[in-house]
Amino acid sequence: MKRVRAIFLSDIHLGSRACQPDRLLAFLKEYESEYLYLIGDIIDLWAMSRSVYWPPAHNTIVQKVLRKARHHTQVIFVPGNHDEALREYLGMSFGAVDIVAEHVHVTAAGKRLLLVHGDEYDQVTTCHRWLSMLGDVSYTALVHLNRALSWLRRKLGVSGHWSLADYAKRNVLKAVAYVGDFESAAAHTAVQRGMDGIVCGHIHTPVMKHINGVIYYNCGDWVDNCTAIVEHMDGRMELVRSTPELRLVDAAAPDETAVAHPRVAEGGRR
Ligand SMILES: [Mn+2]
């Protein structure tokens, strides 16, 4: 059992056949923390709306998280796009799990980290190329515009996920650029908000790296990579990978050379 200060998880996709619950359970058994952050796409309501899939292992994960919340762990849940329905409950608590749109975590080393799922950067990313040509257009404005658009789509009852980014992601070469653009857009927000870093998920590409003077953390996912970000008691951050043999290994060191895993998934929804 390892005691750490904080655990950051995203993109677990419970309720989807793609989720790897055993490897997550191995991780949750090994690590205890003061803070547990669930940074979106924890429950895949999109997958469940197509067909209900909920094996006992998925229940075990929910029970384990709730048990942690009842005892000594502060659990905070930032909904993502696959569990967007839970955004209706922002500001509320369920079984000692607080649901919020975003959160600022301060590490033991005093670093301020913005926690968001990251789907707001998805559309921003598709516009990145000509944004950089136009120069002065604010990402923040675009992020707000994107939020307003998805609200409107919901109100109009347009189902499914509207995304030019999905189209771009079907092409591998575009996908490489896509991941880079997503990371810059996220880092840009951290800079603008005066943060030391940003912790997000969404694109299933686990990494810790310096971008424009801030640190960009991506938790990865529990579909392909089985990774988590942890903060040790002294504020040191680490990317941890749960291997198929259920052994936990360090995935990367927190310096700018640590481009941990340039994995690119072709197509597919995030
Ligand atoms: Mn997502």
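Just so you know, all these numbers are worked out from the coordinates, no wet-lab data involved. This structure is a prediction, so every number in the text was calculated from the model and none was measured. Cβ coordinates were reconstructed from backbone atoms using ideal geometry, including for glycine residues, and neighbour counts include every protein chain displayed.
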Problem - Check on residue 58, away from the ligand (no atom under 16 Å from the Cβ) and touching a Cys at 6+ places or on another chain (Cβ under 8 Å) - result: yes
Handout entry: the stretch 61-80 residues that are within 18 Å of residue 116 (Cβ to Cβ), paired with ones that are in a helix (DSSP H, G or I) (beta carbon under 7 Å, 6 or more apart)
Key = 75/65; 75/68; 75/69; 79/86; 79/87
Problem - Residues that are touching a Phe, Trp or Tyr at 6+ places or on another chain (Cβ under 8 Å) and of a type in the set (Ser, Thr, Tyr), drawn from the stretch 11-55 - result: 16, 37
Practice task
Determine whether residue 52 is more than 16 Å from the ligand (Cβ to nearest atom) and either touching a Cys at 6+ places or on another chain (Cβ under 8 Å) or in a loop (DSSP other than H, G, I, E, B) (or both).
Solution key: yes
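Could you list, in sequence order, the residues of the stretch 100-124 that are within 16 Å of the ligand (Cβ to nearest atom) and among the aliphatic types (A, V, I, L, M)?
Within the stretch 100-124, 101, 115, 116, 124 qualify.
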Exercise for the section: Report yes if residue 223 is under 19 Å from residue 108 (Cβ atoms) and either buried (at least 20 other Cβ atoms within 10 Å of the Cβ) or out of contact with any helix residue (DSSP H, G or I) (no Cβ under 7 Å at 6 or more places or on another chain) (or both), otherwise no. Expected result: no
Problem - Residue in the stretch 2-19 that is farthest from the ligand (Cβ to nearest atom), counting only those that are more than 16 Å from the chain's Cα centre (by Cα), more than 14 Å from residue 230 (Cα to Cα) and of a type outside the set (Ser, Thr, Tyr) - result: 17
Fill in the blank from the handout: Only unsatisfied item for residue 18, checking (1) in a helix (DSSP H, G or I); (2) surrounded by fewer than 16 Cβ atoms within 10 Å (Cβ to Cβ); (3) in contact (Cβ under 8 Å) with a residue 12 or more places away in the chain, is (1)
Problem - When residues of the stretch 176-193 are limited to those that are within 14 Å of residue 217 (Cα to Cα) and small (Gly, Ala, Ser), the one surrounded by the most Cβ atoms within 10 Å (Cβ to Cβ) - result: 186
Problem - Identity of the residue in the stretch 229-242, in a loop (DSSP other than H, G, I, E, B) and touching a strand residue (DSSP E or B) at 6+ places or on another chain (Cβ under 6 Å), that ends up farthest from the ligand (Cβ to nearest atom) - result: 233
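Listed here are the residues, each with its yes/no results for (1) closer than 22 Å to residue 243 by Cα; (2) surrounded by 19 or more Cβ atoms within 10 Å (Cβ to Cβ).
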site: 22; (1), (2): yes, no
site: 35; (1), (2): no, no
site: 50; (1), (2): no, no
site: 58; (1), (2): yes, yes
site: 63; (1), (2): no, no
site: 67; (1), (2): no, no
site: 75; (1), (2): no, yes
site: 92; (1), (2): no, no
site: 99; (1), (2): no, yes
